[in-house]
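To start, the structure under review is shown below, and the notes come after it.
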Amino acid sequence: MAIENLGNIVTVALVLLGLASIPFLSNSVTISAVDNYNEGLGPILGENVSTSDAKYYPGSSTEKFGPNGFHYETSTAFGNLVVDISNKDVLDIKESLSNGDVVFTAETINNGTPRQIWTLRTNNFTLTSEKHFSHVREEFSSPEGTCYKLIENGEISESCTGQVGKIESRWEDAKDEMNEYADKMKSALKNIEVPNVQSSQWKY
């Protein structure tokens, strides 16, 4: 009887040893959502809140990384920062930064010929700028009307409808605001550890 119980004792002992070996994942494996959360807060904060203070407010941080892409998201009461990279058939990089009623997005699609699209949306206007190998297009719309400018294969065209006299100054202000958000986005991505999804080590 003692010999029969010995097998059970050995089995239980092995299970207990297994429980003692907790499989903590090393931060060096890929990324750290906690560290990146602190870094990602900066660009979406209001002027009166510091990063060190804001990290104690309710929020969330999500990171996913695999052979086909990468996803990073920081969400707080102050706004959101999202980075999505897909590398399945076409390399598609999407970045989004929102703060209050303002949403700035930047997307690069590369299927051998890069196409880049920047969009800034607010309660007062929408500004879109698109760059492709064959053309550059810019469109501005507001309650006063809509305008676009296009350079395609060396030909320039422009069209406006609405209260044209009120559109130009708002359009220029919108460009300045878009540049500010683009700078914030660059600042965020400098601090966040974005892996190289085209690296061969993630292809298998």
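Please verify whether ASP84 is closer than 21 Å to GLU63 by Cα and in contact with a His (Cβ under 7 Å, 6 or more places away or on another chain), treating the condition exactly as stated.
yes
Collect the residues in segment 180-199 that are in a helix (DSSP H, G or I) and either among the acidic types (Asp, Glu) or modelled with pLDDT of 90 or more (or both), keeping them in residue-number order.
Correct list: GLU180, ASP183.
Tell me the strands (runs of 3 or more DSSP E) entirely within segment 126-171 that contain at least 3 residues that are open to solvent by 70 Å² or more (accessible area, probe 1.4 Å) and over 17 Å from ARG115 (Cα atoms).
Result: 155-162.
Take segment 48-73 and flag every residue that is over 16 Å from ASP92 (Cα atoms) and at pLDDT 80 or above.
Listed by number, the residues that qualify are THR62, GLU63, GLU73.
The values are calculated or read from the model by the stated rules, or taken from the named source; none is laboratory data. No experiment lies behind these values; they were computed from the predicted model shown. Neighbour counts are summed over all protein chains in view; Cβ atoms, including those assigned to glycine, are modelled from backbone coordinates with ideal geometry. What goes into the accessible areas is simple: the full protein's heavy atoms, side chains included, and nothing from ligands, DNA or RNA. Shrake-Rupley method; radii C 1.70, N 1.55, O 1.52, S 1.80 Å.
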